[in-house]
Amino acid sequence: MKFDLEDTLLRIEAILKENLNNQITTINTEKSDEITLKQVTADAYFIQSMNERMANYDPYVVCAIEDIQSSGLGHASSLEIRILAAICVSDQGEDLNISRRMLRYSRALREAFEAGWSDIGGISQRMILTSQIPIQFQLLDSGQYFRAVGVDITVGLA
C-alpha cells in the first residue's frame, strides 16, 4: 500500500480517536487525585487547519504538518515529514494544577500512539515519536489563553 501525506494524517487522527480517551481514563484512574483530565470529544479534532473556525472545545486536538524534507533522483524520491499532534486546553489562569495537568496530557498522547503503533501499518517502522514541552498561547483577536502540549511524529515516506 502506498502512503501519502493525507493518508498519514488521517491514520494519526484515527489512532488518537481510538486510543487517547482510553489513556486519559487510565491516567485519571491511576493518579486518582484532584486533577482530572477531560476527555476529547470526537468533533474536537482538527487536521492541518481549523478552517477559520473557533475551537469551542476544551480540550481539542490539532494535527498538522510542521516540516517536509524531500530527496531523490529522477523518478525515485522520498519524503521525511514531521507532524505535530497537540492537545490544547483552556487556561484562564484559574487552574493551579495546569502544569501537572499538561504533563499528564503529554503522557496520554505518547501512550495513545504507543498503543496504536501497529495500526499505522507499513509506515510504523519508519516513525519516530518525540515529546514536546508544554507551551502557553493566546488566540489571535481574542483574550482566550490556552496551553498546548504535543508530540512530533517524524515519518519517512517513499
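The values are calculated or read from the model by the stated rules, or taken from the named source; none is laboratory data. All values derive from a computational prediction rather than experimental measurement. So basically every Cβ, Gly included, is an ideal-geometry build from the backbone, and we count neighbours across all protein chains shown.
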### Query
Can you spot a residue in the stretch 4-27 that is at pLDDT below 85, loosely packed, with under 14 Cβ neighbours inside 10 Å and assigned to a loop (DSSP other than H, G, I, E, B)?
yes
### Query
Among the residues of the stretch 111-131 satisfying the criterion of being at pLDDT 85 or above and surrounded by 16 or more Cβ atoms within 10 Å (Cβ to Cβ), which is farthest from GLU18 (Cα to Cα)?
GLU111
### Query
Which pairs have Cβ atoms under 9 Å, sit 6 or more apart or on different chains, and link a residue in the stretch 97-114 that is within 14 Å of VAL40 (Cβ to Cβ) to one that is surrounded by fewer than 18 Cβ atoms within 10 Å (Cβ to Cβ) and acidic (Asp, Glu)?
ARG101/ASP95; ALA112/GLU18
### Task
Considering each residue of the stretch 70-110, count those that are touching a Phe, Trp or Tyr at 6+ places or on another chain (Cβ under 8 Å) and surrounded by 11 or more Cβ atoms within 10 Å (Cβ to Cβ), and give that number.
6
### Summary
When (1) under 20 Å from GLN132 (Cα atoms); (2) in contact with a strand residue (DSSP E or B) (Cβ under 9 Å, 6 or more places away or on another chain); (3) surrounded by 13 or more Cβ atoms within 10 Å (Cβ to Cβ) are applied to ASP67, the one that fails is (3)
### Task
Among residues belonging to the stretch 28-52 that are farther than 24 Å from VAL155 by Cα and of a type in the set (Val, Ile, Thr), point out the one that is surrounded by the most Cβ atoms within 10 Å (Cβ to Cβ).
VAL40
### Query
For the stretch 60-71, does any single residue satisfy the condition of being free of Cβ contacts under 8 Å to residues at least 60 places away in the same chain and either touching an Asp or Glu at 6+ places or on another chain (Cβ under 7 Å) or in a loop (DSSP other than H, G, I, E, B) (or both)?
yes
